[in-house]
Amino acid sequence: MFKMYVFKGGTYRHDEIIEKIEDLGGIVMQKTPMQTEIDITFALQAPDLDNLKELAKKLKGDILEIPFGDMEIAIVSPSLSRHHLPHPVCDISEFLRRYGATTNIVGLARGYGKTIFQIKDIEKKMIEEHDAAIFSYGLFSDCIVLKEKETKEISTSYIICGGPSKMPFDNYIGNIGRKGGRMRSAAEIATLEELKEMLLEKIEKTRESIEKDPPPYAPVYIKRALEEQLGIKGTLGDNPVVLHLNGLRIKLPYNIYYNKICDVKIGNVTLGDLSRINKSYMNDTILVRLLSESELGGE
Amino acid sequence: MNIMLDSNPTKTDKNTIEKIIGYAPTPDMPIIIERKTTKDVTIKNTYDITTTKGILRIETYNNEYYQFFKNNIEKFEGLNIQWTDKNTVNFGTFPVNSDVTRKQFDYESYDVLFGLSGFDKSQGVIIFVKKGYIGNNGLEKGVFGKVVKGKHLLFEMESSDKIIKIEKRQVRSEIFDYKIVTSGNELVQENDHIITKVVVDLDENCPYTCEHFLFLTANGIFEITESLNTYCKNASLKGVTLPNEQTKLRSKGSLSVRISGKEEGCVYIYFNDSIEDKTHTVFGNVIKGLELLQQLKPKQKTKISSSIMRINTLGLTQLQAEKLVKKSGIEHIRVGNASDDAIIIRQDPELTLDAIKKNSIATEGVDPKNVFKVQLYEDVAPNTVRYFKIITGLKTRALGRLSVIFAHEEVDMILFTGDTKLGGDLIPENHPTNIVKAGDIGVTNMASRQKGTVGVRFNDNDEYGPTGEDFSHTNIVAHIENIGALSSIKDNDTIYLLLDG
Amino acid sequence: MEVEVRGATPEENKQQKKLCEDMFKDLGLGKKLKKILIICDIGMPAFYVACKFKKDVQPIYLKDIARIREQATFKRLQITEERYYDQVISILGEKFGNENIIQDERNIIKVKGSTTSVENIKIYDFTEEVRERIIDALWHILPEGFKVRQFKHFPDGFIVMATDIPPIQEFADQIESMKQEFGGEEDV
């Protein structure tokens with residue numbers, strides 16, 4: 001299975017790293033040159049990672065794993081007001097982005113209060129489009145318990161963050177309640193690390209279950225084919241094709257691009273044969289959900 | 001005893017490697033013996049449940065409910081759907097011996113468990129959970145498995161569906177041990193598979209790349225430069241540029257050549273499926289002996305062959321060419337100087353695969369006196385020799401050529417075309433000290449603007465080099481013996497070079 | 001500044017206290033407030049916040065910032081604090097008429113035709129600004145979606161109460177008990 005990594009090193013002889021990745025059957029996702037340094041994000045299947053790491057060491061660089069590099073995570077805030085933004089929601093988002101995640105902040109319309117709290121159906125659908133969701137609730141355990149009952153309905157993996165250090169349910173990280181300032185003390189960073197570890201555990205489980213019945217082509221491979229055939233690589237602005245664990249989100253208008261995306265060639269078939277392509281509930285983007293081997297009628 | 005030799009069943013009464021294959025392997029060029037140890041491997045108690053809508057594969061946990069499941073499989077085959085709801089699909093019914101309870105439990109999506117219909121012990125059901133929920137099913141939390149494949153089928157089930165068959169998944173896995181043999185007196189056992197060589201199949205859609213490979217393996221040997229889990233690689237022809245003839249999935253056993261970048265020209269053999277890449281041309285695959293390649297380390301070699309024999313007649317005489325072409329069974333046509341001892345300077349088609357497809361080849365000969373033997377100074381001017389081989393074509397062919405850009409009967413030297421760009425890499429080496437001899441071929445190095453130019457003098461000279469430059473701006477790369485024979489050469493002529501020895 | 005939080009579990013009280021302290025300090029109110037009491041009644045739900053200012057948050061009078069000399073027909077004021085020039089001129093102008101206020105030099109102001117004393121004219125009341133900043137802080141502290149149902153002013157502080165639900169008698173009782181505890185006088 002493809003995993004995401006980033007090479008951090010100098011621009012001198014970085015082409016050797018790129019050649020090695022291509023030889024090993026990996027895919028170079030992005031190159032970010034900064035004067036004399038360069039970051040190369042790539043996807044690779046495990047067997048010869050050590051050899052690549054040795055080469056990186058020889059060139060005085062480093063290869064780090066970015067475990068969330070092929071995921072989109074929703075950070076759900078009870079509202080978009082001063083009570084909840086920017087701290088801690090933006091702190092969580094920024095922290096996870098360092099590990100490669102693409103994050104979206106979803107602000108609920110009626111996520112505050114105790115008696116009036118609700119998650120609308122369309123908000124639920126939006127959150128379920130992501131690979132994981134982090135809910136940032138407040139300080140009081142009575143409120144969080146009530147809110148958790150409704151949050152349970154979400155079918156995607158989720159973690160609830162709140163003030164009290166312990167709560168009577170799983171998927172909970174404490175000591176991230178309402179914050180007055182940026183989370184930068186050692187204890188706060190440790191809490192964020194704990195959040196990242198819990199998320200990693202959940203995602204590993206999801207990855208394992210996908211691995212048992214995988215789609216015939218990995219999302220990373222489909223992304224490369226899309227970018228080559230639709231000519232959308234290298235556009236200014238944000239990354240138009242975002243990876244999910246078993247699909248992709250394409251940030252292009254549905255009405256204009258739907259047919260072109262269906263016709264993209266993958267091997268001997270088209271993308272339309274291998275996936276379900278729908279309009280997303282978020283902005284005007286296109287969701288591609290790759291069908292597993294058993295769904296395609298395979299063994 | 002019965003053994004296998006390179007995938008061919010063989011009977012033998014000998015017992016050592018050397019006696020069986022006729023020669024002794026060495027540490028440089030080893031062989032391997034493959035021994036089978038078959039094991040019946042059950043995959044984690046996985047079952048395939050065939051239903052009218054398709055197959056559900058479940059992985060089971062080791063608990064008392066699984067034991068009940070395992071011991072009563074025949075009872076569950078043929079069960080109909082009792083009911084489906086938002087969260088579950090229920091097949092039944094059958095009698096159950098456990099205690100009834102009204103306790104609620106937390107079930108996860110795709111759990112497989114036992115429950116009761118209407119809290120009645122005679123109405124047991126198998127429940128597949130579509131979506132996690134908290135509820136009671138009449139029994140203690142009897143989860144014994146999880147659906148891993150076919151999850152989508154649960155959402156398609158209707159009241160008319162039923163379980164047809166339940167089978168345990170069993171995979172007979174063959175595990176092999178590989179023994180590397182580096183000496184001739186290794187003993188052989190019954191049913192051993194001795195693998196001594198690699199046999200490949202070439203794709204006729206890639207004539208240039210196949211020619212490159214055939215040149216590399218002209219002596220029947222493949223040497224390993226780098227060996228990883230994903231591939232092994234040979235870098236002897238690094239630096240040769242080839243066109244991109246075919247981008248294809250690099251499946252296990254594929255042969256490919258890198259066509260761009262620093263490592264262009266290297267040949268790769270893949271041990272795992274790898275996705276295709278525009279920087280590699282896939283031109284064939286290994287049909288025998290991949291296991292041998294996987295065991296080799298850098299600097300070790302192996303015998304390698306393909307069904308196609310390289311047809312390269314450049315530098316041979318017409319007569320030698322005729323004998324060579326005859327072996328391939330295709331038609332041979334002599335053009336130009338057709339006498340037996342004329343030296344071949346061109347063949348049409350140039351590439352072996354094209355000639356085989358066309359089923360004929362024409363060889364153009366010239367008078368041997370237009371072909372000159374050269375001696376390359378590989379030891380003292382390796383960098384310049386590398387350059388010289390590339391610009392003359394001697395890197396990949398037995399016959400090289402140089403184009404004359406300047407020759408005049410009153411001037412003591414001849415100048416040939418070089419490559420200014422590649423010449424930029426020519427660091428000064430082996431430059432003449434006191435005198436330049438007649439017949440010494442020199443190349444202008446990076447110190448001068450005319451870098452890359454090739455030249456040769458008819459007479460000794462103690463002031464300037466063979467290209468008219470200072471001694472320090474000249475690298476001496478080779479020597480032509482019969483320099484006098486070049487005196488009739490004019491501007492725009494081509495001379496042909498054969499390596500001496 | 002002393003902050004006390006009651007009503008929820010000890011851990012939650014502690015976290016709410018930290019949040020409030022951060023809020024007030026960020027808004028520069030740390031030195032102006034003497035004591036803050038917050039009661040979080042989660043069950044209801046209702047929030048009560050009581051604030052008491054420090055005694056030295058007093059308004060600034062003209063006698064504090066000017067040397068006043070009585071002349072025959074006018075009063076001569078020498079202003080000692082530069083930042084209040086504008087306020088002095090505008091407040092005196094409102095009171096006595098703009099034509100009677102003459103600014104001879106930058107810090108010398110003549111007030112014509114006034115018979116009343118000017119020493120106790122209030123030039124600047126910091127309490128107003130403090131109140132504004134406190135409102136800002138309260139907005140942060142009180143949970144979103146809670147509506148303020150009661151706001152009682154006192155000369156040296158206030159009590160505010162916000163809730164998710166319609167008002168009931170219990171709220172008034174709680175406010176009364178907080179008033180007793182803080183020793184506040186009657187509403188202003």
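Coordinate-derived values only; no laboratory data. Bear in mind the structure is a predicted one, so any value in this text is a computation, not a measurement. Don't worry about glycine lacking a Cβ; one is built from the backbone with ideal geometry, like all the others, and counts go over all protein chains shown.
Taking the charge dipole of the protein assembly as shown about its Cα centre, with +1 at Lys and Arg Cβ atoms and -1 at Asp and Glu Cβ atoms, the residue from B:104, B:319, A:135 reaching farthest to the positive side is B:104. Straight-line cross-link partners of residue B:162 among the aspartates and glutamates, defined as a Cα under 17 Å from its Cα and at least 8 positions apart when in the same chain: B:48, B:74, B:77, B:85. Annotation for segment A:155-237: trypsin sites (Lys or Arg not before Pro) lying in DSSP loop with at most 16 further Cβ atoms inside 10 Å of their Cβ are A:166, A:182, A:184, A:233. Taken residue by residue and averaged, Cβ atoms of other chains lying within 10 Å of the Cβ of A:77-87 number 2. With a threshold of 30 Å on the Cα-Cα distance, the over-threshold entries among B:146/B:278; A:8/B:233; A:279/B:149; A:147/A:196; A:57/B:197 are B:146/B:278; A:57/B:197.
If you look for lysine pairs in segment C:60-124 that are eight or more places apart or on different chains, how many of them have Cα atoms under 14 Å apart?
For segment C:60-124, qualifying lysine pairs total 7.
Separation of segment C:58-101 and segment B:212-287, taken as the distance between their Cα centroids, equals 94 angstrom. Distance between the C-alpha centres of segment B:436-501 and segment B:52-113: 88 Å, rounded to the whole angstrom. Each residue in B:193, B:212, A:130 was given a count of other beta-carbon atoms within 10 angstrom of its own, and listing them fewest first yields B:193, B:212, A:130. Qualifying trypsin sites (Lys or Arg not before Pro) in segment B:64-113, where qualification requires a DSSP coil assignment and no more than 10 other C-beta atoms within 10 Å, comprise B:86, B:102, B:103.
Once C-alpha pairs closer than 8 Å and six or more residues apart are averaged by separation and normalised to the residue number of chain B, the relative contact order reads 12 percent.
Once you order the gyration tensor axes a ≥ b ≥ c over the Cα atoms, which shape class does segment B:43-170 get: rounded for a/c under 1.5, otherwise prolate or oblate by comparing a/b with b/c? Verdict is rounded for segment B:43-170. Taking a ≥ b ≥ c as the square roots of the Cα gyration tensor eigenvalues, segment B:197-306 comes out rounded, since a/c falls below 1.5. Each 5 Å bin from zero up to the one holding the largest Cα-Cα distance in segment A:2-65 carries the following percent of pairs: 4, 19, 36, 27, 10, 2, 0. Calculated [222 nm] ellipticity per residue, helices only, for the protein assembly as shown: -7000 deg cm²/dmol; basis is -39500 (n - 2.57) per DSSP H run with n ≥ 4, divided by all residues, nearest 500. Counted over chain C with a bin width of 5 Å, the fraction of Cα pairs per bin, in whole percents, is 1, 7, 14, 15, 13, 10, 8, 8, 8, 7, 5, 3, 1, 0.
Between B:119, B:132, B:84, the Cα set farthest toward the positive side of the dipole of segment B:67-150 (charges on each charged residue's Cβ, about the Cα centre) is that of B:132.
Arranged from fewest to most other beta-carbon atoms within 10 Å of their beta carbon, A:288, C:160, B:366, B:257 become B:366, C:160, A:288, B:257.
What's the magnitude of the charge dipole for the protein assembly as shown around its Cα centre, counting Lys and Arg as +1 and Asp and Glu as -1 at the beta-carbon? Answer in Debye, nearest 20.
That gives the protein assembly as shown a dipole magnitude of about 1820 debye.
The convex hull drawn around the Cα atoms of the protein assembly as shown, when projected onto a plane and averaged over every direction, covers 68.0 nm². Segment A:1-47 and segment B:343-392 have Cα centres spaced 40 Å apart. The charge dipole of segment B:1-124, taken about its Cα centre with unit charges on the Cβ of Lys, Arg, Asp and Glu (plus for the first two, minus for the last two), comes to roughly 200 debye.
So for A:79, B:122, fewest C-beta neighbours within 10 Å to most, what's the order?
Listed from fewest to most nearby Cβ atoms, that is B:122, A:79.
Once you order the gyration tensor axes a ≥ b ≥ c over the Cα atoms, which shape class does segment C:89-188 get: rounded for a/c under 1.5, otherwise prolate or oblate by comparing a/b with b/c? Verdict is prolate for segment C:89-188. Have a look at A:102, A:80, A:190 and report the one farthest towards the positive end of the charge dipole of segment A:72-209, computed about the Cα centre with Cβ charges (Lys/Arg +1, Asp/Glu -1). Of the candidates, A:80 comes out farthest on the positive side.
Using C-alpha pairs under 8 Å with a sequence gap of at least 6, the mean separation divided by the residue count of chain A gives a relative contact order of 13 percent. Taking only pairs that are 8 or more places apart or on different chains, how many Lys pairs in segment B:371-499 have Cα atoms under 18 angstrom apart? Count of close lysine pairs: 7.
For chain A, the antiparallel share of DSSP beta bridges with both residues in that region comes to about 70%. Relative contact order of segment B:43-170, taken over Cα pairs closer than 8 Å and 6 or more residues apart, is 38 percent.
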